[in-house]
Each structure stands twice: as C-alpha cells, then as structure tokens.
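I have placed the structure first, in the form of structure tokens, so that the comments after it can refer back to it.
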Amino acid sequence: MESVVEDGGESMATASRARRVDVFARALEREVPGCTLLTDKEDVAPYECDGLAAYRQLPLGVVLAESEAQVQGVLRICAHLGVPVVPRGAGTGLSGGAMPIREGVVLSLARMRKITAVDPYSRTATLQPGVRNLAISEAAAPYGLYYAPDPSSQVACTIGGNIAENSGGVHCLKYGLTVNNVVRVRAVTMDGQICEFGSEAPDAPGLDLLAVLIGSEGMFAIVTEVTVRLIPKPQVARVVMASFDDVESGGDAVAAIIAAGIIPAGLEMLDRGAARAVEEFVHAGYDTDAAAILLCESDGTDDEVAEEIERLTRLLKESGATHVETSASEAERLRFWSGRKNAFPAAGRISPDYYCMDGTIPRRAIGRLLLRISEMEERYKLRCINVFHAGDGNMHPLILFNGNDRAEWLRAEEFGADILEACVEFGGTITGEHGVGIEKINSMCVQFSPGERDMFFAVKHAFDPQRLLNPDKGIPTRARCAEYGRMHVRGGVLPHPDIPRF
Amino acid sequence: MNDVIPDSTPGPACDLNTAAAAAQEQFVATIQEACARGRRLCVRGGGSKDWYGASRTGDVLDTRAYRGIVAYDPAELVITARSGTPLTDIEQLLSSHGQMLAFEPPHFGPSATFGGCIAAGLSGPRRMSAGAVRDFVLGASILTGRGEHLRFGGQVMKNVAGYDVARLMAGSLGTLGLLLDISVKVLPNAPASATLRQEMNACDAVRKLNHWAGQPLPITASSWYEGVLMIRLEGAHAAVRSACATLGGEKLTNTAADVYWHSLREQHHMFFRSAAPGATLWRICVPATTEPAQLPDADAQLIEWGGGQRWLFSQGNDQRVRERAVASGGHATQFRHAKPNAEVFTALSAPIAGIHNRLKAAFDPVGVFNRGRMFEGM
C-alpha cells in the first residue's frame, strides 16, 4: 500500500502524513478485512472534488464500503483514531459537500447499490444508499409506480446523496422534496451504532429525527438503508410552453396560476440567455426571441389534464403570454423538458466554466431579483443566465466565466455571494436544494445569527458528539464569520444601526 | 400582489402587534426566571390537548397573548402566524381565499391554537394523501430554554440552509422550545369532492385501500368501522367523477360527507363515544398493509389513513396492543385516558434515546419546558 506522495516528499509533514495513512490502513485491515482502501495518488485523485470542481483537496485515503458492517467498522476505527470522515455517493453535489478533508478519509457508498425490495402492495422501495435516483423509478415502472423527487442529475446521483441534500427536482412543487418522500432511514452514527429513523408506519415515536437528518449534508450519520414512498404514475402528462416579452409578466403568470388554485406538476422558467443556450444545444423548440419561457406541466387522467390545460392556457394568455403551445405527444413533452433538464450542460457549451447558484426567494420577488442580477452582470463584467423552479421560487442563476483566468473566478465568486445576499434580503434563503457544503459556508454568516449557528453545532453534537462526520461543512464557526466580515442582516436592518461601520 | 395581513391595518390589529411584542418580552422574562430558580414551565395554548402526552408539570406559560397573522399572500402558498393564534382564525382566513391547511389538523376543542397544532403534530384524515404537519412546516422562531430568540427555516418551500430545525418542532410537544412565529405551506381547496360508502369486513377494507393507493385515484381520506368503509375523493371534477364510477358505492350528500369527516377528525364519531368508562384509547400507527388480525380485537378497531392509523379502546394497561403494534413494524400511543404511570409513548431504542437527550440538552439545558410530557427525564 502506497501513501499519497506530495511535492517535496521528504518533509516532516509528509512523513507524518504517510505514517497516519499507514496507521489507518493497518487498523482497517485488522478490523474490517477485505474492505477496499485507496491511497495511491492516482486512485484518490478522482475523489478530490465533487460537482463543484473549483474546490479540491486530496484526503488521506478513500474507503469503498460494500456493507453496513463495513461502514460500522470504518466509523469505529475513525472514531478511535480521531480521523474525520466525508461521506460520498456519486459525487454530483454542487456545493462541495463531499469535498475531502486533508486529514480525513472519504467513505464512498457508491458500491452499496442494491435495490433490496420493490413492493407494489405497500408502495415502497427499500434501497442501499448508492442506488441511483433514476434506477428507483425504473425498478418501480413495471408496477405503474415511481419515485417523485427528480433532481436534474437523477441519472447519476444516489439516494444517499439526495438524503444528505434534501434534493428536489422539477416536480417537487406538487409531489414534495426528499423529506416528503423518504419514510425510513437506517444509518450508522460515528460510534458505530445502528439507528432507525422514521418507519414504514406513518410516523415514529419521539421527535421527528428523520426530518432533521434529511438535508444534514452527511454530518449526522452514514445512511446504509433507505425506504422510499412510491406513488402511482399519472395516466397522462402534458406541458404548456408559454413565451413572455418581459420576465416580470412571466413571474406574474406564475403567481396567477397558483392564486387560481392550480398546483402544476412542474412550473419552470428560463430567461432569454438560458433559452438560447439550450436551444442551440438540444433544439427543444424554444422561442429564442422571448424574454422568458415558462414550462407548465399538468398530470392526471385524460379529462383532468384537458380541464387543467384549458385553465392554464387562459391564465397564461391573460398574464400577457405572447405565444402558448401545448405538447401534442409524449415525445414532444419530453422534448420540451429536455431543454430545461439540459440547461447546465448547455451553459457548459457556451462558456469555459459556469458557476451555478441555488437561492430561493418568495415567488413575488422573482422579477426584482432578476433585475438586480442584470445590474450585477455589469458590475462584475460577467454574463449570467437564469433557469428556475418558478413554482417554488428556487433560482439557478448560472454565472459564466473562464476558470483559467483567476481574476474572473474571483469575480464570479463575489457575484454569486452577492446574489445569495440578495436572496436573503428578499426574504429567501442561500440554498434551496444544493446544500451549503463548503461553497456557501460564508453566506451562512449572513443568513443566521451567531446564536442560531451555535444551535446548529449543538444539534450536530447530538448526533456526532466527536464532531468527526463531515465536520468542516455546512455551518461556519464564529471565527470564520468574523473573518468573512459581512454582517448578519435581518429584515434589512443591521444590528445596532447607530454604530458607524467599515 | 400584496400580503394579506389583517394585522397591518391600523386599529385593533396594531394593538395585536404591540401586545405580541409585550407578550414575547414577558415570555423571555418568565423563562429566564424559571431558569434561574430551577422552576419548570408547562407551555400551553388553549389547553384543548391538555390530556395528550405523558405527565404535565410546572407553571402554565399561556401563549395566547402572542397571537395574530404575521404574513399571508395566497399566491405564495405560505402563511406565517404567531403560536397563540386561534387555529380557527387561520382556517377561516385561508378558507376565504380558497386555501387550507392540507394536513387537516384536529382541534379537539374551540380553544385550539396554531402553536398547539404544530407542537402536538397531529394530522387529520387527509394525512396519507397530503402529508403530516411536519411536511408543511417551513420555518419557526423559538425561545430556547434560556430565553434566547432563534429562527430556523423561512417562508420558502425549498430551503436547505442549516439543519431543518423548524420541522423538528412539529410533534415535539413543546419539549425543545417555546414556538413563536411559524410558517407553513398551504394548499388550494380541491375543486370537487365526493364521499363513497361501501360495506365490507376489516380485512377486505385494508387490502382494497392498499390496492387502490397504488393506482392514480384521488383518494384523500378513508375510514373503516363496523363493516362500513368510507372513502373521500378530492380533485378536479373529471377525476372525482371517473373515480366514483371506478370505485362504486353509495354516494353521500356533500353536507353528510362534511359532517362525517369532521366528526372523524374531532373524534366525535360514534366509535369514540361508545367506549366503556375508563377504557384507554390507543392510537396504533402501523404500516398501512398490516392485516387487522395482526393486532388485537380486529373487529373493534376504527381504521383510518388507508390502514396506517388505527384506534382501539382497551381496558387496563393492555400491553398486548403495543407489543403487536411494534411487532407489525409500528408503535402505539395511549392517546386518551392513559392509566397513571403508564408509558404513553412507545419507548425509544438506546441510540435514538441518546440523541433525544442531547437535543433536549441543546435546546433546553436546564429542563424548563414540558418536562416529562414526552418521555421521563426529557
């Protein structure tokens, strides 16, 4: 077994690092024989980042667990040696939540990808954490069932990762997020104990720990088994695509639809920049002259969908849509969606790099935020295209930049932080579904008070008293926030406004 | 598109805001004093659920002075209100805009408050189709056991900044903190509904309900009692019409249907009134597919939630009920008329209990709030 060799390999630091790797490897071989450990630099390198490639770090090693017993063994060793653990699924996360810690190990659950059971009678599927999101719906399809949350990365992302981030998708306005669709999680805490959260019954005694575990970014426990709720596939789904001359009236149309008592199965918006980028890439048939495009899906029985589409069409036209088109076939519906689902790769084609943001705001602030973003484009001299889950106010501005130009990256980072602060200012949040990870950790200083952040640490302590599970993610320390220097702002009011600052 | 905030108009509502600010200050003072003197507090709204949970100890901290709707914009599908707000006020405001609390919370009395509804975490007949209280909580501000004012979550549907502490408050029985402002997701009322009545035995009812739940049918509530299965359908007109034709059965008038589901939600239903004096009401929460015969007294049960929630009266401290519920993969609660010193809730496993104790210590280090309401020592 070879250790990670770094530049200037003879330094004391490197020698002691090699020793630590060796101690861990021996302990693993003794306690969990047969468990795969990667330590060679070329083997470990693919794990140095997740979907947020701008942040990289090589860990001491990568453990590829294949069973719950192995996970228990690995965690016990790490707890004993005081080695931090970063859990990892498919590594598709966009906030650096799976970025390794230099002195820690990465625990990959990707090999635990067995679908243990699909039970059409109880409408549940029981899965290992490494099962891909889309594989669940594929396995349930023969029974006319599916798993509702469908993040854009669903081809690759795992259910374990979805639990860590409380992933959503384009259908979550109507069908909920991961937290609304996972009924039970079996997990191992840092001390190697097995915990059952939730239940196949509608609820479990005591506090709703499952609710707080979901979205905890792998900082509480390592998930080893998951039971999800499957729901019946609607008989029909159709998409209405509407064009708007300005983004504001697109936003108004969204509000009008909701106020009329319709909860569409999907309600997505793209601005002109995004529409042009995806149109060039996948030829989805988008109106590239429109300032905004709204995609609105209706599902249910034939009659039900016909009834809803008629109401939607009327509402869209009343809100000023310049063009309204309804998918005439399943192929056309998928084509309409293909544009939205390929927005990220499309951005990747028109720019060497892009930086994806993930703020959520109250729907009524969509127009104002977009205006603010266009002002920022001038200030930071960078382009930004926007796609968003309009139904739930979750925005994904994609800031385009060239990563080879260090100054551009720094401006992109500033631009992003500025967007997130605007989201907080408009009564929203810095992350809707991608997680805080390492990327948005500074912005947490703006959204939460020191007391609130202390409470987050106390909640983490309740699950992980040794603070070894993904410890550098999610919640910033007071010292880090002091260094970041931006004040926690609530309701647009600085604390002690009478004191002169900066 | 302005917020519909009744409180924002001058007049009585302004007084409500002033009163709420004063109430909050008073709460902080009361908590800090209790903390300093080692006294315990019993957080209470209208007292409509005083009978629920294990022991009640401490001086009553009445939340009702802290009332009023803070924000409501129907187009955002979110309402924010203070914990002491009467639940009926919230439901009336939503109803006037064609919206509802989709988890259909039981009130158990006219004095029920919003805070009590969230803290008790009880959901009504629509639970299996719409979700439970916890599925709708988006944000909450609390006073901790030290009187510190903290806010978690927010007013938006998707939010993963920080841990989902707001959701943890749902069903926490006031053991972690005093709820102040709570934001919940609301949903539009369905355009159409219908209730069907069919006769069958308990075993067939459970099987049918599970079979139907796997099909695209708009079933939003169900109950079985004494050979009668009731099914509520809600959705688009076309969907309800075609489901009625598919399922069959006798259709109730709209008024009769409303009265029925309300009586079930509020436990005025015949089943709840026909118990022998002193009998304990068990809430049995099991996987929906659990065969009635796996639980005691199959024929005497009232079955709800597509099979997931079952009610049973038993004399004495009948441990069989809990044992069978646990063996079926669920749990059982002595919901009403628990025997003194009985374990009201099913005990937790050791690691889960450890997490509970550490969470309690984080939010309420001295143990000021609702001590023993959920579990002894918590």
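I'm trying to understand the selection: among the residues of segment B:30-49, which are touching a residue at least 60 places away in the same chain (Cβ under 8 Å) and either more than 25 Å from B:Pro110 (Cα to Cα) or among the small types (Gly, Ala, Ser) (or both)? The answer is B:Ile31, B:Gln32, B:Ala34, B:Cys35, B:Gly38, B:Arg39, B:Arg40, B:Gly45, B:Gly46, B:Gly47, B:Ser48.
Being touching a residue at least 24 places away in the same chain (Cβ under 8 Å), within 14 Å of chain B (Cβ to nearest Cβ) and closer than 19 Å to A:Thr92 by Cβ holds for only one residue in A:Val170, A:Val188, A:Val131, and it is A:Val170.
Report yes if some residue within segment A:392-412 is in contact with a Ser or Thr (Cβ under 8 Å, 6 or more places away or on another chain), among the small types (Gly, Ala, Ser) and free of Cβ contacts under 8 Å to residues at least 40 places away in the same chain; otherwise report no. Taking every residue of segment A:392-412 in turn, at least one turns out to be in contact with a Ser or Thr (Cβ under 8 Å, 6 or more places away or on another chain), among the small types (Gly, Ala, Ser) and free of Cβ contacts under 8 Å to residues at least 40 places away in the same chain.
Taking every residue in segment B:254-268 that is assigned to a helix (DSSP H, G or I) and pairing it with any residue that is exposed (fewer than 15 other Cβ atoms within 10 Å of the Cβ), at least 6 positions away or on another chain, the pairs with Cβ-Cβ distances below 8 Å are B:His262/B:His268. Look through B:Glu250, B:Glu291, B:Glu304 and report the one residue that is buried (at least 21 other Cβ atoms within 10 Å of the Cβ) and charged (D, E, K, R). Exactly one residue qualifies, and that residue is B:Glu304. Checking the structure you have, find out if any residue of segment A:83-97 is within 25 Å of A:Leu230 (Cβ to Cβ) and within 13 Å of chain B (Cβ to nearest Cβ). Yes, segment A:83-97 contains a residue that is within 25 Å of A:Leu230 (Cβ to Cβ) and within 13 Å of chain B (Cβ to nearest Cβ).
If you go through segment A:363-382 and keep only what is in contact with a helix residue (DSSP H, G or I) (Cβ under 7 Å, 6 or more places away or on another chain) and in a helix (DSSP H, G or I), you end up with A:Arg363, A:Arg364, A:Ile366, A:Gly367, A:Leu369, A:Leu370, A:Arg372, A:Ile373, A:Met376, A:Tyr380. For segment A:344-362, filtering for residues that are in a helix (DSSP H, G or I) and either β-branched (Val, Ile, Thr) or under 14 Å from the mean Cα position of the chain (by Cα) (or both) leaves 2. Residue selection: B:Arg310 fails the criterion of being in a loop (DSSP other than H, G, I, E, B) and either at pLDDT 95 or above or of a type in the set (A, V, I, L, M, F, W, C) (or both).
In segment B:163-171, the count of residues that are among the hydrophobic types (A, V, I, L, M, F, W, C), touching a Lys or Arg at 6+ places or on another chain (Cβ under 6 Å) and more than 7 Å from chain A (Cβ to nearest Cβ) is zero.
Among the residues of segment B:76-93, those identified as away from every other protein chain (no Cβ under 12 Å) and part of a helix (DSSP H, G or I) are B:Leu87, B:Thr88, B:Asp89, B:Ile90, B:Glu91, B:Gln92, B:Leu93. Against the numbered list (1) within 13 Å of another protein chain (Cβ to nearest Cβ); (2) buried (at least 18 other Cβ atoms within 10 Å of the Cβ); (3) part of a helix (DSSP H, G or I); (4) of a type in the set (A, V, I, L, M), B:Val326 comes up short only at (2). So which residues in segment A:126-169 are among the β-branched types (Val, Ile, Thr) and assigned to a loop (DSSP other than H, G, I, E, B)? Selection gives A:Val131, A:Val155. Among the candidates A:Ser67, A:Ser16, A:Ser11, A:Ser3, the residue that is over 30 Å from A:Ala412 (Cβ atoms) and at pLDDT 95 or above is uniquely A:Ser67. Looking at segment B:121-131, can you tell me whether even one residue there is at the interface with chain A (Cβ under 8 Å from one of its Cβ atoms), crowded, with 24+ Cβ neighbours inside 10 Å, not in a loop (DSSP other than H, G, I, E, B) and not polar (S, T, N, Q)? Yes; the residues of segment B:121-131 include at least one that is at the interface with chain A (Cβ under 8 Å from one of its Cβ atoms), crowded, with 24+ Cβ neighbours inside 10 Å, not in a loop (DSSP other than H, G, I, E, B) and not polar (S, T, N, Q).
Of the residues A:Gly89, A:Gly96, A:Gly144, the single one that is in contact (Cβ under 8 Å) with a residue 24 or more places away in the chain, crowded, with 24+ Cβ neighbours inside 10 Å and at positive phi is A:Gly96. The set of residues in segment A:232-281 that are aliphatic (A, V, I, L, M) and free of Cβ contacts under 8 Å to residues at least 12 places away in the same chain contains only A:Ala259.
Does B:His331 satisfy being of a type outside the set (Phe, Trp, Tyr) and under 23 Å from B:Glu104 (Cβ atoms)? So B:His331 passes the test. Return yes when A:Pro87 is closer than 26 Å to A:Met444 by Cα and either modelled with pLDDT under 95 or not in a loop (DSSP other than H, G, I, E, B) (or both) and no when it is not. Yes: the conditions hold for A:Pro87. For segment B:281-299, the tally of residues that are in contact (Cβ under 8 Å) with a residue 60 or more places away in the chain and either within 14 Å of chain A (Cβ to nearest Cβ) or under 27 Å from B:Pro340 (Cβ atoms) (or both) stands at 4. When B:Glu226, B:Glu234 are screened for being within 13 Å of chain A (Cβ to nearest Cβ), over 30 Å from B:Val28 (Cβ atoms) and of a type in the set (Asp, Glu), only B:Glu234 passes. How many residues does segment A:338-362 hold that are within 11 Å of A:Val282 (Cα to Cα), surrounded by 24 or more Cβ atoms within 10 Å (Cβ to Cβ) and of a type in the set (S, T, N, Q)? Qualifying residue count for the region: 0. Is it true that some residue in segment B:255-264 is under 21 Å from the mean Cα position of the chain (by Cα), over 30 Å from A:Asp392 (Cβ atoms) and either at pLDDT below 95 or surrounded by fewer than 15 Cβ atoms within 10 Å (Cβ to Cβ) (or both)? The answer is yes, given that some residue of segment B:255-264 is under 21 Å from the mean Cα position of the chain (by Cα), over 30 Å from A:Asp392 (Cβ atoms) and either at pLDDT below 95 or surrounded by fewer than 15 Cβ atoms within 10 Å (Cβ to Cβ) (or both).
Listed by position, the helices (runs of 4 or more DSSP H) contained in segment A:428-491 that have at least 3 residues being surrounded by fewer than 22 Cβ atoms within 10 Å (Cβ to Cβ) and within 11 Å of chain B (Cβ to nearest Cβ) are A:450-463. Can you pull out every residue in segment A:191-207 that is under 12 Å from A:Val228 (Cα atoms) and more than 7 Å from chain B (Cβ to nearest Cβ)? Answer for segment A:191-207, where residues must be under 12 Å from A:Val228 (Cα atoms) and more than 7 Å from chain B (Cβ to nearest Cβ): just A:Gly198.
Of all positions in segment A:398-414, none carries a residue that is within 15 Å of the chain's Cα centre (by Cα), within 14 Å of chain B (Cβ to nearest Cβ) and either of a type in the set (A, V, I, L, M) or assigned to a helix (DSSP H, G or I) (or both).
Looking only at segment B:208-232, residues that are assigned to a helix (DSSP H, G or I) and crowded, with 17+ Cβ neighbours inside 10 Å come to 5 in all. Scanning segment A:294-323 for residues that are of a type in the set (Ser, Thr, Tyr) and outside any helix (DSSP H, G or I) turns up A:Ser298, A:Thr301, A:Ser319, A:Thr322. Of all positions in segment B:138-149, none carries a residue that is closer than 20 Å to B:His107 by Cα, within 16 Å of the chain's Cα centre (by Cα) and not in a loop (DSSP other than H, G, I, E, B).
The values are calculated or read from the model by the stated rules, or taken from the named source; none is laboratory data. Note that this is a predicted model, so its numbers are computed, not measured. Glycine also receives a Cβ, built like all others from the backbone with ideal geometry; neighbour counts cover every protein chain displayed.
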